[in-house]
Amino acid sequence: MNSSNAKTRRSKSSGGPPPAVTLSELAKLGGGKIAYIKMLTTDEAKEMFPAVTGIPSGINLYALNAADGTPIALTDSLQAAVGHAMDDELEIASLH
């Protein structure tokens, strides 16, 4: 065994961080059927969804995003975001 293989094996067995995933690889996970929900401030929502006008200031909003981060929907309730994901037959991934 050469030293580079030994290092690779040690990092795998030592519980090191998982390998990085590219956006392209992330987009392919689950065949485009995985999404996540992220809570946004109104300023973040205005930046992420510039075509949406009339967003009131000072409220929390919820964005439904594809696995690669592509915005799918914006709503003012978590239940509506989950409902949209279910209607589109998307599996919601947990973010930590």
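Read the figures in this text as sums done on the coordinates, not as results from a lab. No experiment lies behind these values; they were computed from the predicted model shown. Neighbour counts run over all protein chains shown; Cβ positions are idealised from the backbone, glycine included.
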Quick one: net charge around L61, please, counting Lys, Arg +1 and Asp, Glu -1 for every other residue with C-beta under 9 Å from its C-beta. -2
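Listed highest first by mean packing, meaning other Cβ atoms within 10 Å per residue, what order do 45-56, 71-82 come in? Provide the component values of the computation, followed by the final result.
Details: 45-56: 11.5, 71-82: 15.5.
My ranking of the peptides, most packed first, is 71-82, 45-56.
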